[in-house]
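The values are calculated or read from the model by the stated rules, or taken from the named source; none is laboratory data. None of the values given here were measured: they were computed from a predicted structure. Here the Cβ is made from the backbone with ideal geometry for all residues, glycine too, and neighbour counts use every protein chain on show. Keep in mind that these areas ignore ligands, DNA and RNA; they rest on the heavy atoms of the full protein, side chains included. Shrake-Rupley method; radii C 1.70, N 1.55, O 1.52, S 1.80 Å.
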Amino acid sequence: QVQLVESGGGLVQAGGSLRLSCASSLSTFSIDAGGWYRQAPGKQRELVADIKSGGSTNYADSVKGRFIISRDNAMNAVYLQMNSLKPEDTAVYYCQANLAVATLSGIKKYSYWGQGTQVTVSS
């Protein structure tokens, strides 16, 4: 069964950087489009950044100029480079991706979520 595998979270001081990775567990399922969401305690899950199949990107206002989303088709992965981190960036970060797979009926796309990775920024 295919999964999205996340890595890269951790504890960092304010002003520091972290890089999150999200990869498909099966090479036959390629990432068509993806995004990163986060959920802080007591708050709703919110979109941080996403990248479309054509490569266009979108960012939440709170992270513009600090975070960069990218993809590596060869590695079948999506990344989130987080710079100039602030305590308010502390949250569980979730990867979401539309995975495409070739079937006898053509290309099928399915939405998956990663398990979440904790990012904690200390002041």
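Points worth noting:
- Qualifying residues in the stretch 67-93 (those that are of a type outside the set (A, V, I, L, M) and at pLDDT below 95) - the one nearest to residue 33 (Cα to Cα): 71
- Selection of strands (runs of 3 or more DSSP E) fully inside the stretch 1-56 by the criterion of at least 2 residues being open to solvent by 80 Å² or more (accessible area, probe 1.4 Å) returns 10-13.
- Elements of type strands (runs of 3 or more DSSP E) in the stretch 71-120, at least 2 residues being open to solvent by 70 Å² or more (accessible area, probe 1.4 Å), without any contact (Cβ under 8 Å) to a residue 60 or more places away in the chain and not β-branched (Val, Ile, Thr): 106-113
- Filtered residue count, the stretch 10-41, keeping only those that are modelled with pLDDT of 95 or more, of a type outside the set (Phe, Trp, Tyr) and closer than 14 Å to residue 89 by Cα: 14
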